[in-house]
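Q: I have a structure I would like to understand better, so I am pasting it below and will then ask my questions one at a time.
Only the coordinates and a few stated rules stand behind these numbers; no lab work does. Note that the coordinates shown come from a computational prediction; the quantities given were computed from them, not determined experimentally. Note that each Cβ is placed from the backbone with ideal geometry, even for glycine, and that neighbours are counted across all protein chains shown.
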Ligand SMILES: NC(=O)C1=CN([C@@H]2O[C@H](COP(=O)(O)OP(=O)(O)OC[C@H]3O[C@@H](n4cnc5c(N)ncnc54)[C@H](OP(=O)(O)O)[C@@H]3O)[C@@H](O)[C@H]2O)C=CC1
Ligand SMILES: CCCCCCCCCCCCCCCC(=O)[C@@H](N)CO
């Protein structure tokens, strides 16, 4: 099943900000015949996002000779509605059922679904509250699980492209991500099983490295220094760049998608019984085998030595 932006009904969870919003913009601007439904919890933010996408698409920014920015009408506002929003807490199964009933009634059952909803509270395990721990599973895993299940029931016979957002931390869990990485690893496991069961579906899984977003800005506030240090090689790229890389990769036919070189490397190192379909597969596999023998053991010894040292030095102080 080819990935295309054109002629789709696309459901984007977490579409009010960050990568989900970037995808909504992309579909809106690049595919006139596609209908887009964005979903997240906050109705106010969804409404703002819809307005922003519509207005931006119809205004052209121009800089005058005096250097002032002016907005000119580039195209008339479309009268035919093709961008919709629905506020919903997707971690609640009954709410997701309601969402799908509404979509069915409006004849808007999706042909593509992007499960972008997610987010991390990076802190050391002892610093997390019970509420934060539960949110990790709810926001990352349950939102995806519930939507995937409703789609599977709604589209028993038709083809469907399900695009699920995990994280590079699902392939390499490390200090600071106890609230988040396990939920993203659960997604990876779910994807492997759904690929075997939902034979009329194309199921893609994205393992992004860091990219700039509203969520990323907030997570930087609580992220322990040691976490920042380990993930240093995955420097945050602009959100639009991440969106374009993912769209290109899906269009090329990849089903396990990374957004940076570090992602490619750690996907290659993750050998075993979850087969991957991504770019440069033979090269990635050879790299994986060799690095698992020659590099990974030394990296892991060095890494755990460094983490222990960090904890020793931070012992007694507020450790973040
Ligand atoms: N940014 C990064 O560096 C990386 C991000 N990722 C993953 O990529 C995806 C997109 O990330 P990013 O753009 O940074 O995300 P953001 O944190 O910026 O946005 C998250 C979106 O999810 C929505 N959301 C959260 N919880 C729920 C819920 N229970 N029900 C419905 N909607 C919900 C939020 O809206 P609201 O709060 O209104 O519900 C918001 O629209 C996420 O899954 C993230 O984990 C992976 C690797 C790196
Ligand atoms: C020989 C071995 C070399 C290995 C190099 C290791 C580098 C690991 C980088 C992993 C980066 C993960 C970023 C995901 C961030 C994320 O999901 C959050 N931002 C959530 O929003």
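Q: Taking the stretch 262-281 as the search range and keeping residues that are assigned to a helix (DSSP H, G or I) and touching a residue at least 24 places away in the same chain (Cβ under 8 Å), which one is farthest from the chain's Cα centre (by Cα)? So that I can check it myself, show each step before the final result.
A: Of the residues in the stretch 262-281, the ones assigned to a helix (DSSP H, G or I) are 262-269, 281.
Filter once more, keeping what is touching a residue at least 24 places away in the same chain (Cβ under 8 Å): 262-263, 265-267, 269.
On the way: 262: 17, 263: 14, 265: 19, 266: 17, 267: 16, 269: 21 Å.
By that ranking, first place goes to 269.
Q: Quick one: residue 264 ticks every box in (1) more than 24 Å from residue 202 (Cα to Cα); (2) in contact with a helix residue (DSSP H, G or I) (Cβ under 9 Å, 6 or more places away or on another chain) except a single one, so which number is it?
A: With respect to (1) more than 24 Å from residue 202 (Cα to Cα); (2) in contact with a helix residue (DSSP H, G or I) (Cβ under 9 Å, 6 or more places away or on another chain), residue 264 is out only on (1).
Q: Please enumerate the residues belonging to the stretch 183-234 that are out of contact with any helix residue (DSSP H, G or I) (no Cβ under 9 Å at 6 or more places or on another chain) and assigned to a loop (DSSP other than H, G, I, E, B).
A: Answer for the stretch 183-234, where residues must be out of contact with any helix residue (DSSP H, G or I) (no Cβ under 9 Å at 6 or more places or on another chain) and assigned to a loop (DSSP other than H, G, I, E, B): 199, 200, 223, 232.
Q: Take the residues in the stretch 127-147 that are in contact (Cβ under 8 Å) with a residue 60 or more places away in the chain and more than 16 Å from ligand 2 (Cβ to nearest atom), then tell me which one is nearest to the chain's Cα centre (by Cα).
A: 147
Q: Separate question: Please go through (1) over 21 Å from residue 159 (Cβ atoms); (2) buried (at least 18 other Cβ atoms within 10 Å of the Cβ); (3) within 16 Å of ligand 2 (Cβ to nearest atom) for residue 276 and return the number of the only condition it doesn't satisfy.
A: In the conditions (1) over 21 Å from residue 159 (Cβ atoms); (2) buried (at least 18 other Cβ atoms within 10 Å of the Cβ); (3) within 16 Å of ligand 2 (Cβ to nearest atom), residue 276 misses (3) alone.
Q: Let me ask something else about it. Are any residues in the stretch 160-182 assigned to a loop (DSSP other than H, G, I, E, B) and within 9 Å of ligand 1 (Cβ to nearest atom), and if so, which ones?
A: In the first step, residues of the stretch 160-182 are kept if they are assigned to a loop (DSSP other than H, G, I, E, B); the result is 166-167, 171-176, 178-180.
Once the filter is applied, which keeps residues that are assigned to a loop (DSSP other than H, G, I, E, B) and within 9 Å of ligand 1 (Cβ to nearest atom), the stretch 160-182 yields 166, 167, 180.
Q: Please state which one of 298, 261, 311 is farther than 26 Å from residue 139 by Cβ, surrounded by fewer than 16 Cβ atoms within 10 Å (Cβ to Cβ) and within 16 Å of ligand 1 (Cβ to nearest atom). I'd like the intermediate steps shown before the answer.
A: Numbers: 298 fails: within 16 Å of ligand 1 (Cβ to nearest atom); 311 fails: within 16 Å of ligand 1 (Cβ to nearest atom).
Of 298, 261, 311, the one residue that is farther than 26 Å from residue 139 by Cβ, surrounded by fewer than 16 Cβ atoms within 10 Å (Cβ to Cβ) and within 16 Å of ligand 1 (Cβ to nearest atom) is 261.
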